[in-house]
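A.B. asks: Here it is, the structure, as structure tokens.
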Amino acid sequence: MKSTASGFAALALATSAFAQDMPVPKMFKGMQGGEKGRWQMEVLEAGGRPAARGMTVTVCTDNLMSQAGRDKPKSESSCKHKLLKDTADEAVVESECKERKSTITMKRDGKSMLMTMESTGPKGPQTMRMRATRLGPCREGEGAVSLDKNSEQCKKMREQAAKMDPARQCARQKSEREACEQKMRDAAAQIAAMCG
């Protein structure tokens, strides 16, 4: 599940930056429908994790943006975002938060966009490269992120979800047991929604 989260982290970060009163880069204005809609994200490189390479994720940025505004953690509220480069074919966004700094470079590539995210933080430097292709408007009832239900990633995620036992895994939590169990149930629901 961690590699799946990494697969759309760059778009999520860029989208949440735009949701926080950041000006929309010129390159999005030149694309049909701007930055909103369904995007297919193909992971080209994932910081040395070969299992994530080639993974394809569909992201509904409309839902991602509304979720970012609703669920923004308090620790992230002090993040600062800067648009370092802004042309019709390339944009560079820098995000600086308490524990991490990220630079996202987006370049037009025909009808697609190449994205490179370089970040530093507690886990050390990480690099991710993805190709994003706009598929059109989001579908009614679509979640923020979805995978092909028959993909290898979904099969592995369903196997992990089947092994999740909130009562057993949260047994050592005393005062936080209910919260722990709820997080486990939420994670299982998220997997079901992503691979449904």
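Each reported figure results from applying straightforward, stated rules to the coordinates on display, with no laboratory input. Small disclaimer: the values here were computed from a predicted structure and weren't measured. Here the Cβ is made from the backbone with ideal geometry for all residues, glycine too, and neighbour counts use every protein chain on show.
A.B. asks: FRET efficiency for residue 151 and residue 96, Cβ-Cβ distance as r, R0 = 30 Å, nearest 0.05?
C.D. replies: 0.30
A.B. asks: Further question: Using R₀ = 45 Å, calculate the FRET efficiency as 1/(1 + (r/R₀)^6) where r is the Cβ-Cβ separation of residue 142 and residue 171; round to 0.05.
C.D. replies: In this case the efficiency is close to 0.80.
A.B. asks: Cross-link list 36/107; 82/111; 101/123; 149/183; 123/174: which exceed 19 angstrom alpha carbon to alpha carbon?
C.D. replies: The answer is 82/111; 149/183; 123/174.
A.B. asks: Hey, what D do you get for the range 149-196 in µm²/s if you plug the Kirkwood alpha-carbon radius into Stokes-Einstein at 37 °C and 0.692 mPa s?
C.D. replies: Stokes-Einstein gives a translational diffusion coefficient of 290 µm²/s.
A.B. asks: Under 5 Å between amide hydrogens, which residues at least 5 positions from residue 55 or on another chain qualify, with H placed 1.01 Å from N in the peptide plane?
C.D. replies: 43
A.B. asks: How many nm separate the modelled label positions at residue 131 and residue 163, each set 7 Å beyond the Cα in the direction of the Cβ?
C.D. replies: 3.3 nm
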